[in-house]
1. Which values of log₁₀ I(q)/I(0), to two decimal places, follow from the Debye formula for region 8-124 at q = 0.22 Å⁻¹ with a uniform point scatterer at every Cα?
2. Once neighbouring chains are kept in place and the probe is 1.4 Å, which whole percent of the accessible area of the chain is contributed by carbon and sulfur?
3. Over region 1-97, what is the relative contact order in percent, taking alpha-carbon pairs closer than 8 angstrom and at least six residues apart?
4. Order the peptides 41-50, 83-92 from the highest to the lowest mean number of other Cβ atoms within 10 Å of their residues.
5. In terms of Cα to Cα distance under 20 Å, which aspartates and glutamates are near enough to Lys87, apart from those fewer than 8 places away along the same chain?
6. Only Lys, Arg, Asp and Glu count, each charged at its Cβ (+1, +1, -1, -1), so figure out the dipole size of region 1-73 about its Cα centre, rounded to 20 debye.
Amino acid sequence: QVQLVESGGGLVQAGGSLRLSCAASGRTFSSYAMGWFRQAPGKEREFVAAISWSGGSTYYAESAKGRFTISRDNAKNTVYLQMNSLKPEDTAVYYCAAGRGVVVDEEAADFGSWGQGTQVTVSS
């Protein structure tokens, strides 16, 4: 089991930036993929980005491509989501998730542990 704690959310104006962090503990961090998902009010949870155990492969939702960057620091057991050019439609609770293994994809079922979420609000 992996314990995950997100931080870095907040209120930002449209066009601004935020950097989310997710600290992991439990399993060996470098042995599994990591991902970010989000859920807006009244909507289903959706995939945002994922990264392989080594950081060598990344995968983004179309809505995140060109604006968001996922990265990880295995020495610090931390995964990051740098979000630039934020839009009001990016407003959501953002969750980090630990993969069940090394598969890097958008399927929530492939992620076995979830953080408590951090709120991101983008004002227009």
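The values are calculated or read from the model by the stated rules, or taken from the named source; none is laboratory data. Because the structure is a prediction, the values reported are computed rather than measured. Cβ coordinates were reconstructed from backbone atoms using ideal geometry, including for glycine residues, and neighbour counts include every protein chain displayed. The area values use the complete protein model at the heavy-atom level, side chains included, leaving out ligands, DNA and RNA. Shrake-Rupley method; radii C 1.70, N 1.55, O 1.52, S 1.80 Å.
1. -1.24
2. On the way: 2820 of 6030 Å².
Roughly 47 percent, rounded to a whole number.
3. The normalised contact order for region 1-97 reaches 34 percent.
4. Numbers: 41-50: 15.5, 83-92: 17.0.
So the peptides 41-50, 83-92, ranked by packing, come out 83-92, 41-50.
5. Cα-Cα hits under 20 Å: Glu44, Glu46, Glu62.
6. On the way: 8 positive and 5 negative charges, 9 e Å.
That gives region 1-73 a dipole magnitude of about 40 debye.
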